[in-house]
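To start, the structure under review is shown below, and the notes come after it.
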Amino acid sequence: MLLRLIRSSLAATRLLSTKAAAAVPTSGGGGATEKIGGGGRDTLGRRLLSMVYPKRSAVITIRKWKEEGHVVRKYELNRIVRELRKLKRYKHALEICEWMTLQRDIKLLPGDYAVHLDLIAKVRGLTSAEKFFEDLSEKMRGQATCSSLLHTYVRNKLPAKAEALMEKMSECGFLINVLPYNHMLNLYISSGQLEKVPGMIKELKKNTSPDVVTYNLWLTVCGSLNDVETAEKVFLQLKKEKIDPDWVTYSTLTNLYIKMKLPEKAASTLKEMEKRTSRKNRVAYSSLLSLHTNMGNKDEVHRTWKKMKSCFQKLNDTEYTCMISSLVKLGQFQVAENLYNEWETVTGTRDARVPNILLAAYINRDQMEMAENFYNRMVQKDIKPCYTTWEILTWGYLKQMQMDEVLDCFKKAIGSVKKWDPDARLVKEVFKKLEEQGNIEGAEQMLVVLQNAGHVTTEIYNLLLRTYANAGKMPPIIAERMKKDDVELDSDTHMLIERTSKMCVSEVSKLEQLFLS
């Protein structure tokens, strides 16, 4: 969670640094500046921001505004683009940027193209963003657009391309601020290449000065390594350079102190964190809840939640998720159920991630009947189960050794996502229970589900063979089936085939006949 918070901070810094919009004139220029969507009057900003459906065209809206005799100003469009990006309405923001490139009376700067490139990457993908960059004039392929392309590489976790671009930026003298270095630190942390972090910080200090985001990322590395001593040295450096630590700084330190069982230090940094928590950094409250929970501070958790309710007119799903999770961890299960009931009455999203917390809690408490009833309630309330819902139920039925239900939920879990990220632990546990039961039919069904998901390995076949071995049966034409799936046999495979070859031939099920046909 901490790394995600730092990424948000990094993104905000990037938006400011690209200078995407021209300076707003303080006077003159044919009219007062408008507050986007404000005041109840008709404005271009209001019209564009009201276009909720992606299929609607921002360009048509701008053209109509002009046809009505209104003036369209660049700084106004840039402000609207910023608002749309905050709302993740990237398609309409991109349409506005593309419209501006076609206007002879609008002079675009490198920062404008940096925003344009970022939007292309989000809407059309990396390849289109790279082509856009290559097609830019030499004058526009400057520090801003290079930083934007670098951020795209970081977001797509492409260290080789990011490092190559950093080299070019260095040759061109573009590494004049801290932002590209922070991007690279973020990349190394997210990809687990922590050994590269010290070198990147050393390089950063040669060319520019670290900022609070740099130090927060550095502290995150210390946290990952459970290195309290280095973390405290890094924090002292930050203070020495007269950089103001923010709430993320203290949140990261608190998390480390809690992990290392240093409650007094954790309590001290948590107090400092709360001083820096405000309505402007709303996400900090969820972090506060989690940290108080991890310290077992029940009263502080409830005090923080009460404060959140007084600060914000409506709490979002993430905040409800955080509080319900906290209550479950603190053993206040009835309170958690009551809060979930409250969420059900106010939610407009029906996001399955919120009820999934209680669903998992029932299963962890060995209350499978309660879990089933709760799942049925979700369905009745039009809450669509997601992958995690099915995965939780799979684990629940696995504990009960109800293998038909396990296979059904596992199949639904994989079917609920476009691309399945294999969960090796879950797969092994399912096969382990099937092996214990000598459940050949179930093991074959499991194999078919995994084949359909594009995840069949030597280990999977070995798990299948162990089920046959425990059932005292010989599997049919296993080597041919592995060849068809382009799966190699290893020493365990050969051993298991030899072991099962002396057993009775199993009856070929309808499932196997379908597979072999």
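The values are calculated or read from the model by the stated rules, or taken from the named source; none is laboratory data. Just so it is clear, the structure is predicted and the values come from calculations on it, not from any experiment. Backbone-built Cβ (ideal geometry, glycine too); neighbour counts: all protein chains shown. Heavy atoms of the whole protein, side chains included, go into the accessibility calculation; ligands, DNA and RNA do not. Shrake-Rupley method; radii C 1.70, N 1.55, O 1.52, S 1.80 Å.
If you filter region 372-416 down to residues that are outside any helix (DSSP H, G or I) and open to solvent by less than 50 Å² (accessible area, probe 1.4 Å), you find that the one that is nearest to Gly348 (Cα to Cα) is Ile383. Quick check on Thr347: is it open to solvent by less than 10 Å² (accessible area, probe 1.4 Å) and touching a helix residue (DSSP H, G or I) at 6+ places or on another chain (Cβ under 8 Å)? Taking the combined requirement at face value, the residue does not satisfy it.
Checking each residue in region 204-250 for being farther than 28 Å from Phe174 by Cβ and touching a residue at least 60 places away in the same chain (Cβ under 8 Å) picks out only Gly223. Residues that are β-branched (Val, Ile, Thr), under 23 Å from Leu108 (Cβ atoms) and open to solvent by 10 Å² or more (accessible area, probe 1.4 Å) number at least 1 in the following helices (runs of 4 or more DSSP H) confined to region 39-97: 58-67. So, in region 433-448, of the ones that are in contact with a Leu (Cβ under 8 Å, 6 or more places away or on another chain) and open to solvent by 60 Å² or more (accessible area, probe 1.4 Å), which residue ends up farthest from Lys484 (Cα to Cα)? Going through the qualifying residues, I end up with Glu441. If you go through region 417-436 and keep only what is under 26 Å from Trp343 (Cβ atoms) and assigned to a helix (DSSP H, G or I), you end up with nothing.
Of the residues that sit in region 308-352 and are β-branched (Val, Ile, Thr) and under 24 Å from the mean Cα position of the chain (by Cα), which one is farthest from Tyr375 (Cα to Cα)? Only one residue tops the list, namely Thr318. Put simply, of Asn177, Asn186, Asn182 the only residue that is open to solvent by less than 50 Å² (accessible area, probe 1.4 Å) and modelled with pLDDT under 95 is Asn177.
Every residue, every condition in (1) at pLDDT below 95; (2) open to solvent by less than 30 Å² (accessible area, probe 1.4 Å); (3) over 23 Å from the mean Cα position of the chain (by Cα); (4) among the polar types (S, T, N, Q), yes or no:
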residue: Asp118; (1), (2), (3), (4): no, yes, no, no
residue: Lys122; (1), (2), (3), (4): no, no, no, no
residue: Gly125; (1), (2), (3), (4): no, yes, no, no
residue: Glu130; (1), (2), (3), (4): no, no, yes, no
residue: Cys146; (1), (2), (3), (4): no, yes, yes, no
residue: Leu149; (1), (2), (3), (4): no, yes, no, no
residue: Lys161; (1), (2), (3), (4): no, no, no, no
residue: Leu194; (1), (2), (3), (4): no, no, no, no
residue: Ile201; (1), (2), (3), (4): no, yes, yes, no
